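Data block below; observations after.
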Amino acid sequence: MIRATVLCVLAAMAIAFAKPTAPMVSLANEKVLIGSPVDSSGLQTISGWPSDSATRRLLLGHFSELHRNIVAEFRRCEKYGYFEVVDDSSAATVRVLLIIRPYSFIKDTLTIPVRIELHHRVGIDTYTNTIVASGVYRAPSKPKSQLHYLDNLLADYRRSFPVRKLAALFYPHR
């Protein structure tokens with residue numbers, strides 16, 4: 001009797017102190033289109049942001065590269081989530097939107113959250129989440145120019161973005 005009570009208490013404690021699992025949204029049997037990132041970050045207000053469009057495109061190219069990395073990771077994970085990544089919006093049954101939220105800049109760290117929205121073709125919002133990533137200027141010396149500084153920050157942001165964590169939200173953990 002006492003032994004059974006102790007086991008019940010231990011089981012209850014194990015459940016209470018269990019590590020919570022991340023939420024998962026199944027995309028099984030869906031055709032997924034991952035949209036290009038929508039920039040609402042306000043990066044143009046950061047000190048030293050270039051005024052000419054060619055240089056701005058160069059810096060914003062890091063977000064295009066991030067998008068390619070995300071698509072590649074989703075393609076790699078198709079077998080785990082039983083979904084298919086498509087490039088044509090007319091073939092997609094689910095669309096994943098990436099919205100780049102307003103940045104914060106403290107010392108040498110640029111933090112930019114990305115909001116993930118999942119939209120089914122029927123127009124029902126089924127899922128929203130935000131992933132936060134940071135880029136840090138780690139060079140031992142002062143940057144050559146403000147453009148070099150911003151490019152380095154955005155490159156580090158792109159490299160450190162948790163692409164696997166993002167894709168893992170859409171397939172069951174093993």
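The values are calculated or read from the model by the stated rules, or taken from the named source; none is laboratory data. Keep in mind that this is a model prediction, so the values were computed, not measured. Please note: Cβ atoms are built from the backbone with ideal geometry, for glycine as well, and neighbour counts cover all protein chains shown.
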Being modelled with pLDDT of 95 or more and surrounded by 14 or more Cβ atoms within 10 Å (Cβ to Cβ) narrows HIS120, HIS67 down to just HIS67
Do we have ALA168 as surrounded by 15 or more Cβ atoms within 10 Å (Cβ to Cβ) and small (Gly, Ala, Ser) here? yes
Whether any residue in region 142-159 is under 25 Å from ASN29 (Cβ atoms) and surrounded by 13 or more Cβ atoms within 10 Å (Cβ to Cβ) is what I want to check. no
Of the residues SER51, SER36, SER40, SER47, which is among the small types (Gly, Ala, Ser), at pLDDT 85 or above, in contact with a helix residue (DSSP H, G or I) (Cβ under 7 Å, 6 or more places away or on another chain) and on the phi < 0 side of the Ramachandran plot? SER36
Collect the residues in region 70-115 that are among the small types (Gly, Ala, Ser), exposed (fewer than 15 other Cβ atoms within 10 Å of the Cβ) and over 19 Å from TYR157 (Cβ atoms), keeping them in residue-number order. SER89, SER90, ALA91
When you check LEU59 against the structure, is it under 16 Å from ARG159 (Cα atoms) and assigned to a helix (DSSP H, G or I), yes or no? yes
Which of (1) under 15 Å from LYS165 (Cα atoms); (2) part of a loop (DSSP other than H, G, I, E, B); (3) of a type outside the set (D, E, K, R) is the odd one out, the single condition GLY48 does not satisfy? (1)
Matching entry among ASN152, ASN129 (being touching a Pro at 6+ places or on another chain (Cβ under 8 Å) and in a strand (DSSP E or B)): ASN129
Selection from region 76-98 of residues without any contact (Cβ under 8 Å) to a residue 24 or more places away in the chain and over 18 Å from PRO172 (Cβ atoms) yields SER90
